[in-house]
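Below: one structure in structure tokens.
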Amino acid sequence: MIRKTVKDSREALQGVEDGMTFMLGGFGLCGIPENAISELVRLEIKNITCISNNAGVDDFGLGLLLQKHQIKKMISSYVGENDEFERQMLSGELEVELTPQGTLAEKCKAAQSGFPAFYTPAGYGTEVAEGKETREFNGKMHVLEYAYSADFAFVKAWKGDEAGNLIFKGTARNFNPCMCGAAKITVAEVEELLPAGSLDPNEIHIPGIFVQRIFQGKQYEKRIEQRTVRPRN
Amino acid sequence: MIRKTVKDSREALQGVEDGMTFMLGGFGLCGIPENAISELVRLEIKNITCISNNAGVDDFGLGLLLQKHQIKKMISSYVGENDEFERQMLSGELEVELTPQGTLAEKCKAAQSGFPAFYTPAGYGTEVAEGKETREFNGKMHVLEYAYSADFAFVKAWKGDEAGNLIFKGTARNFNPCMCGAAKITVAEVEELLPAGSLDPNEIHIPGIFVQRIFQGKQYEKRIEQRTVRPRN
Amino acid sequence: MLDKIGIARRIAKEVKDGYYVNLGIGIPTLVANFVRDDISVEFQSENGVLGMGPFPFEGEEDADIINAGKQTITTMPGASFFDSATSFGMIRGKHVHLTILGAMEVAENGDIANWKIPGKMVKGMGGAMDLVASADNIIVAMMHTNKAGESKLLKRCTLPLTGVGCVKKIVTNLAVLEIVPKGFKLLERAPGVSIETIKKATEGNLLIQGDIPEMEL
Amino acid sequence: MLDKIGIARRIAKEVKDGYYVNLGIGIPTLVANFVRDDISVEFQSENGVLGMGPFPFEGEEDADIINAGKQTITTMPGASFFDSATSFGMIRGKHVHLTILGAMEVAENGDIANWKIPGKMVKGMGGAMDLVASADNIIVAMMHTNKAGESKLLKRCTLPLTGVGCVKKIVTNLAVLEIVPKGFKLLERAPGVSIETIKKATEGNLLIQGDIPEMEL
């Protein structure tokens, strides 16, 4: 068994530098790598390019990096719910590349799986396809999209083991599995870190081969963005 | 919940016809849809094109269809261990299309996921790439491969529920998940069919949306091709 | 004339037994409340869940179980969770039978614009471009006119497009319309709404053939 | 001169701490037996398992747990199972660090032929074409000559290719060789084998620079 455990977020983020490109898992505030984000804030890493479906809210998630002006460019599918984001974007301080959500997921997955590019119908005929190669298959137009290239992927899982195997919970899965192995170094933080052999090999969502470093995360806030409930009777 | 259960293999295979193209899960004899194969033999369906990584052995798996001369064409990556196969192939009775294993898996996966084609480095510069479009990405040559098109996919899972959700066991997983939803109709047979709600939604390998019919399989032989053991001492 | 609830109620009739359905944010989300309970339907949310149920009871919210609108939800028996790539594989692979979403503009050729207004803060397209490019059966839920009273059913979209030639049906506060090669074919009128009213509110080519019934709700 | 066990033993020294390794059928499978036990290595089998262990004890065979050679196996703590597309994603995505496989012919430009002999029954390439096209680090394990005594290290392959320009290193019963731009660079001699013997058995361009040590096993 190849051991991937590191002590904490400090050790896990060794090697991050100004100007790097990071993938960050999560959808909204669900399943985001809270510990890795905190450590990026602490390290004051600057000029980051972030590949992340969303940009957090003003005071949580990637919003924490925006507050400190650490992000140079966001690559996302949806960036609402964030006033500071809007301010920096309108002032030209923050560069934004909007990508259809399925395309974003697949550009990560392609990097993971060694596919250089893929054809998708998403965005054909829209400004997203401007300047991109297009091609007809089975009577339908497709856009050629390329795999992402990133320095670190920061993902968050529910359970993990020393071998780097990961299991996600509910919709906190989202982009996290797609980003594992899609960057030079994948750092996974987990709610529960277990000895190798604790997880059923049938139930593993992401085999440890896609993960270089894993650590036990701390103090998860797991903030709810839209608390919707129904009456009891 | 959309119910996918059918009574047995007879009901599950309704609509199969001579000349159709089928995908069949399994690697060697591991994880093959034994009940579906038996039913195809019973129905005496002829001129079948089979997309399956292997062709079984003389008296088991797809070998049973070969014995009855039901297969017109095999699309596989490896077809050893089968004398009848060799006889029919050398006599010109059986057409064979050999495809690299990873390409075969991905041509199924592409059909499942609505990708018309993909670029892979596998087979570049070999006879597999003859007549195919090639292209360089990042200094490396790739071959353009197209998604398969099939009438039925026959897969075998370990556990399944009424909603068509599937869980596979061990390496009996292999090509089965890749073929789900990759044909017009996907028929899953399972060792254990459970009521909806019995499976943890986190542990499902294939969501029921990729399966049209599911049934409780019978009398699994699960033959071992190479029984290798070590001494106890 | 329908309100938002009425639009959702009318669209619910388009949901058939055995359908997997993706509901966009806004009016589409309401549709789930009005689907007949004698048919089997599963709701997919593109962030990675199939078999969505109602909102949780208070105190039972789980931060790890949300829909694409980031709302806390529950799941029904037979539900499953999956990653985002698999989720869009379901959509792109046409395993989802019906997509219902809102729009700012729809054109008579089926083009749709619903993600960007030049000069305003752009929030992004989320999964909308994947959904409209992939689905065979797309129903748009929207008001027939904007707040200024201008038609949202146009000859050509003026806003940046989300997808081209993809919308099949539109349900508005005034009417049900189908996109056909020559334009918007009027299928039904909202209760109490005249053909004249619909004509005035529709900038694109409106096709009126025979009697146009009032919709049943 | 080495036997098959000896070749496997020498190749085992190429397996480094932290490597994920894919072993082909035949001699490569034997390599697992000789890897130092003070380093951490995981074996991948392309049919869908990572963390393969030894063969099971008699009576503990599980038909659902096999390797790519269709042999019954066990798994080690930390193992995982996955589907074939994911498996080749690991390989194509260069997450597997080392691939060891057999060959019928290797050419001095790194071409490899190991799947087809014209006129003979073709069994198929299995996963070999994916492996050789994807891996950065490919070691070939084979006899230096065929049964007729003809060299298998050639100027150009004569058999249909499995992959082009992909082999990095070759370990035979006679020598360890590296593929460099000008041909086969001789690195080590098998115990008791002379340079002259290697020269005679090598049809492709053989580069001999300085002293060539005997291999340590």
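The values are calculated or read from the model by the stated rules, or taken from the named source; none is laboratory data. Keep in mind that this is a model prediction, so the values were computed, not measured. In this analysis, Cβ positions are derived from the backbone assuming ideal geometry, glycine residues included, and neighbour counts consider all displayed protein chains.
Can you name the number of the only condition in (1) in contact with a helix residue (DSSP H, G or I) (Cβ under 8 Å, 6 or more places away or on another chain); (2) touching a residue at least 12 places away in the same chain (Cβ under 8 Å); (3) over 30 Å from D:Leu207 (Cβ atoms) that D:Pro77 fails?
Only one criterion in (1) in contact with a helix residue (DSSP H, G or I) (Cβ under 8 Å, 6 or more places away or on another chain); (2) touching a residue at least 12 places away in the same chain (Cβ under 8 Å); (3) over 30 Å from D:Leu207 (Cβ atoms) is unmet by D:Pro77, namely (1).
Give the number of residues within the stretch A:65-115 that are in contact with a Cys (Cβ under 9 Å, 6 or more places away or on another chain), assigned to a helix (DSSP H, G or I) and over 30 Å from D:Phe82 (Cβ atoms).
Summing the residues that are in contact with a Cys (Cβ under 9 Å, 6 or more places away or on another chain), assigned to a helix (DSSP H, G or I) and over 30 Å from D:Phe82 (Cβ atoms) in the stretch A:65-115 gives 1.
Still on this structure: Checking B:Asp83 against (1) surrounded by 24 or more Cβ atoms within 10 Å (Cβ to Cβ); (2) at pLDDT below 95: exactly one of these is not met. Which one?
Here B:Asp83 meets the rest and fails (1).
Please work out if D:Arg9 is touching a Phe, Trp or Tyr at 6+ places or on another chain (Cβ under 6 Å), more than 14 Å from chain B (Cβ to nearest Cβ) and not in a strand (DSSP E or B).
yes
Now a separate question. Pick out the one residue from B:Gly164, B:Gly170, B:Gly181 that is touching a strand residue (DSSP E or B) at 6+ places or on another chain (Cβ under 6 Å) and under 19 Å from C:Val41 (Cα atoms).
After ruling out the rest, the residue left standing is B:Gly164.
Among the residues of the stretch D:100-118, write down those that are in a loop (DSSP other than H, G, I, E, B) and within 15 Å of the chain's Cα centre (by Cα).
D:Gly102, D:Ala103, D:Met104, D:Gly110, D:Asp111, D:Asn114, D:Trp115
Could I ask something else about it? Would you check which residues across the stretch A:169-189 are among the β-branched types (Val, Ile, Thr) and either closer than 27 Å to C:Thr74 by Cβ or in contact with a Lys or Arg (Cβ under 6 Å, 6 or more places away or on another chain) (or both) and list them?
A:Thr171, A:Val187
Suppose we keep only residues that are within 14 Å of chain C (Cβ to nearest Cβ), part of a loop (DSSP other than H, G, I, E, B) and surrounded by fewer than 21 Cβ atoms within 10 Å (Cβ to Cβ) within the stretch B:132-179. Which one would you say is farthest from the chain's Cα centre (by Cα)?
B:Glu162
Could you tell me how many of the residues in the stretch B:180-204 are more than 8 Å from every other protein chain (Cβ to nearest Cβ) and of a type outside the set (A, V, I, L, M, F, W, C)?
Selection size over the stretch B:180-204: 7.
Of the conditions (1) out of contact with any strand residue (DSSP E or B) (no Cβ under 7 Å at 6 or more places or on another chain); (2) farther than 25 Å from A:Ile224 by Cα, A:Pro116 fails just one. Which one is it?
Checking A:Pro116 against (1) out of contact with any strand residue (DSSP E or B) (no Cβ under 7 Å at 6 or more places or on another chain); (2) farther than 25 Å from A:Ile224 by Cα, the one that fails is (1).
Test each condition in (1) in a loop (DSSP other than H, G, I, E, B); (2) farther than 26 Å from B:Tyr124 by Cβ; (3) free of Cβ contacts under 8 Å to residues at least 12 places away in the same chain for D:Val193 and report the one that comes out false.
Only one criterion in (1) in a loop (DSSP other than H, G, I, E, B); (2) farther than 26 Å from B:Tyr124 by Cβ; (3) free of Cβ contacts under 8 Å to residues at least 12 places away in the same chain is unmet by D:Val193, namely (3).
Moving on to the next point. Hey, can you tell me all the residues within the stretch A:14-55 that are in contact with a Phe, Trp or Tyr (Cβ under 8 Å, 6 or more places away or on another chain), surrounded by 20 or more Cβ atoms within 10 Å (Cβ to Cβ) and part of a loop (DSSP other than H, G, I, E, B)?
If the condition is that a residue be in contact with a Phe, Trp or Tyr (Cβ under 8 Å, 6 or more places away or on another chain), surrounded by 20 or more Cβ atoms within 10 Å (Cβ to Cβ) and part of a loop (DSSP other than H, G, I, E, B), then A:Gly25, A:Gly26, A:Leu29, A:Gly31, A:Pro33, A:Ser52, A:Asn53, A:Asn54, A:Ala55 are the ones that fit.
Yes/no matrix, rows are residues, columns are (1) surrounded by fewer than 24 Cβ atoms within 10 Å (Cβ to Cβ); (2) touching a helix residue (DSSP H, G or I) at 6+ places or on another chain (Cβ under 8 Å):
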| site | (1), (2) |
| --- | --- |
| D:Gly69 | yes, yes |
| D:Phe88 | no, yes |
| D:Val106 | no, no |
| D:Lys120 | yes, no |
| D:Met125 | no, yes |
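Being more than 8 Å from chain C (Cβ to nearest Cβ) and among the hydroxyl-bearing types (Ser, Thr, Tyr) is the filter here, so list the residues in the stretch A:88-120 that pass it.
Scanning the stretch A:88-120 gives A:Ser91, A:Thr99, A:Ser113, A:Tyr119.
State all residues of the stretch D:46-66 that are within 25 Å of A:Pro195 (Cα to Cα), more than 7 Å from chain B (Cβ to nearest Cβ) and either assigned to a loop (DSSP other than H, G, I, E, B) or in contact (Cβ under 8 Å) with a residue 40 or more places away in the chain (or both); if no residue qualifies, say none.
Within the stretch D:46-66, D:Leu50, D:Gly53, D:Glu60 meet the criteria.
Which one of the conditions (1) farther than 29 Å from B:Pro116 by Cα; (2) part of a loop (DSSP other than H, G, I, E, B) does C:Lys16 fail to meet, given that it meets all the rest?
Looking at each condition in turn, C:Lys16 falls short on (1).
State which residue is farthest from the other protein chains (Cβ to nearest Cβ) when the search covers only the stretch D:27-45 and only residues that are out of contact with any strand residue (DSSP E or B) (no Cβ under 7 Å at 6 or more places or on another chain) and either aliphatic (A, V, I, L, M) or in a helix (DSSP H, G or I) (or both).
So, considering only residues that are out of contact with any strand residue (DSSP E or B) (no Cβ under 7 Å at 6 or more places or on another chain) and either aliphatic (A, V, I, L, M) or in a helix (DSSP H, G or I) (or both), the one farthest from the other protein chains (Cβ to nearest Cβ) is D:Phe34.
Does C:Asp17 count as out of contact with any Asp or Glu (no Cβ under 7 Å at 6 or more places or on another chain), acidic (Asp, Glu), within 14 Å of chain B (Cβ to nearest Cβ) and within 22 Å of A:Pro231 (Cβ to Cβ)?
no
For residues that are charged (D, E, K, R) and touching a strand residue (DSSP E or B) at 6+ places or on another chain (Cβ under 6 Å), scanning just the stretch D:146-162, find the one that is surrounded by the most Cβ atoms within 10 Å (Cβ to Cβ).
Only one residue fits best here, namely D:Lys152.
Does at least one position in the stretch D:100-110 carry a residue that is touching an Asp or Glu at 6+ places or on another chain (Cβ under 9 Å) and β-branched (Val, Ile, Thr)?
yes
Here is a further query. Give me the pairs: first residue in the stretch A:19-30 and more than 9 Å from chain C (Cβ to nearest Cβ), second residue among the charged types (D, E, K, R), beta-carbon distance under 8 Å, and six or more apart or on different chains, which are they?
A:Gly19/A:Lys46; A:Gly19/A:Lys72; A:Met20/A:Asp151; A:Thr21/A:Asp151; A:Phe22/A:Asp151; A:Gly25/A:Lys156; A:Gly26/A:Lys156
Which of the residues belonging to the stretch C:128-137 are part of a loop (DSSP other than H, G, I, E, B) and touching a Ser or Thr at 6+ places or on another chain (Cβ under 8 Å)?
Selection gives C:Ala135, C:Asn137.
Then there is this: For D:Ile73, all conditions in the list (1) away from chain B (no Cβ under 14 Å); (2) in contact with a strand residue (DSSP E or B) (Cβ under 6 Å, 6 or more places away or on another chain); (3) more than 30 Å from D:Pro213 (Cα to Cα) hold save one; what is the number of the exception?
With respect to (1) away from chain B (no Cβ under 14 Å); (2) in contact with a strand residue (DSSP E or B) (Cβ under 6 Å, 6 or more places away or on another chain); (3) more than 30 Å from D:Pro213 (Cα to Cα), D:Ile73 is out only on (1).
Going through C:Gly59, C:Gly18, C:Gly48 one at a time, which residue ends up being crowded, with 24+ Cβ neighbours inside 10 Å and farther than 30 Å from C:Arg156 by Cβ?
C:Gly48
Same structure again: Quick one: which residue in C:Met121, C:Met125, C:Met143 is part of a loop (DSSP other than H, G, I, E, B), within 17 Å of the chain's Cα centre (by Cα), among the hydrophobic types (A, V, I, L, M, F, W, C) and farther than 25 Å from A:Met141 by Cβ?
C:Met143
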